[in-house]
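This report refers to the structure that appears directly beneath it.
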Amino acid sequence: MLVKQKGIIIKTVDYGESDKIITVLNEHGAKIPLMVRRAKKAKSGLQASTQLFVEGLFIYNKWRGMGTLTSVDVINSHYDLRIDLFTNSYATLCLETIDGAFDADKVDPQMYALLTFALTQIDAGVSAQLVANIVMLKCITYYGFDINLTHCAVKNTDEPGEFVGYSFKYDGVISKTAAHLDSHLMPLSNKALYLMAILKQLPLSKINSLSIHEDIIEEMSQFILMIYKEYAGMYFKSQRMINQLRRFNASFE
């Protein structure tokens, strides 16, 4: 049976010498694994069209088990995402986060909407690191935990200007008057905490103009990666490349 599915490639795995398996997140929010025969052979015509981030109409044969890709009508290759290493790493982090957010047998249209939002924003020139932060904030509950960013976990104040950090001891933000209660408090600026609370709750359709200072973006990023590690035990593969790039750049400063 010949099947046509519009979607975006979120994962690729080499299979043997010339084949590979791709995972397409289709427009309905379902993950479709597909075998791509001779994908690494230039003459197959599928080498460029079966890379990460490619958005297209995927045509494949499906009988039992995994489908076999026959052709791709590319809508957008998102080629620019592969040029800059930092952009590529954070865009890949978006893919990893979305891929890990739900099982292969589940269908979630919100995940496709989140992915298209992320790629569109990065294509428009928005910081890929900021976009990755937004994606990870939106996916938190999919990983089985949630965070309190709107009121002090001890004093119960909801004044953002009073917040000075996040406490893993009390599982929430902490105000100035309660900071002494946790010697391992993770210091965070109240601006970073406020922006994360807004971005976590705001619908994607309401997120239009994004302009945040890179120091705040970095602060948010460090915190978000930390909570995924602490609460979900997650360490994403793309983090390794991001950390290597940071160390490389730091060596020239």
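The values are calculated or read from the model by the stated rules, or taken from the named source; none is laboratory data. Note that the structure is predicted; figures quoted are calculated from it, not measured. We place every Cβ from the backbone using ideal geometry, glycine too, and count neighbours over all the protein chains shown. Ligands, DNA and RNA are stripped out before the accessible areas are found, and what is left, the full protein with its side chains, is counted by its heavy atoms. Shrake-Rupley method; radii C 1.70, N 1.55, O 1.52, S 1.80 Å.
Using bins 5 angstrom wide from zero, how does P(r) for segment 104-253 break down, in % of all Cα pairs? Per 5 Å bin, starting at zero, the Cα-Cα P(r) for segment 104-253 comes out as 2, 8, 17, 20, 20, 16, 10, 6, 1, 0 percent. Considering only Ile8, Ala124, Ser189, the residue lying farthest towards the positive end of the dipole of the chain is Ile8, judged by Cα position with unit charges set on Cβ.
Take every Cα pair under 8 Å whose residues are at least 6 apart in sequence, average their separation, divide by the length of the chain, and the relative contact order is 14 percent. Bridging of Lys40 to lysines at a Cα separation below 20 Å is possible for Lys11, Lys20, once same-chain residues fewer than 8 apart are set aside. For the chain, modelled as a GNM whose springs connect Cα atoms under 10 angstrom apart, the maximal fluctuation among Ile22, Ile227, Ile83 occurs at Ile83. Checking every one of the trypsin sites (Lys or Arg not before Pro) in segment 80-142 against DSSP loop status and a limit of 15 other Cβ atoms within 10 Å picks out Lys106. Across every direction, the projection of the convex hull enclosing the Cα atoms of segment 112-193 has a mean area of 6.3 nm². Legend: residue pairs Lys106/Lys206; Lys169/Lys229; Lys31/Lys200, Cα-Cα distance threshold 20 Å; pairs beyond threshold, Lys106/Lys206; Lys31/Lys200. Computed from point charges on the beta carbon alone (+1 for Lys and Arg, -1 for Asp and Glu), the dipole magnitude for the chain about its Cα centre is near 1000 Debye. Charge tally for Asn76 (other residues, Cβ to Cβ under 14 Å; Lys, Arg +1; Asp, Glu -1): -3. A straight line joining the Cα centroids of segment 7-78 and segment 122-156 runs 30 Å.
Please report the orientation-averaged projected area of segment 2-77, defined via the convex hull of its C-alpha atoms, in nm². Directional mean of the projected Cα hull area for segment 2-77 stands at 4.5 nm². The chymotrypsin sites (Phe, Trp or Tyr not before Pro) of segment 93-195 that meet both conditions, a loop assignment by DSSP and at most 15 other Cβ atoms within 10 Å of the site Cβ, are Phe145, Phe168. When the alpha carbon coordinates of segment 1-154 are projected onto the principal axes, the ranges are 61, 35, 26 Å, largest first. Ligands, DNA and RNA left out, the accessible area of the chain computed with a 1.4 Å probe is 51% carbon and sulfur. In the full protein context, segment 2-77 carries 53 Å² of accessible surface per residue, based on a 1.4 Å probe and ignoring ligands, DNA and RNA.
Using a cutoff of 8 angstrom between alpha carbon atoms and counting only pairs six or more residues apart, the relative contact order for segment 2-77 works out to 31 percent. Kirkwood analysis of the Cα pair distances in segment 56-115 returns a hydrodynamic radius of 13.9 Å.
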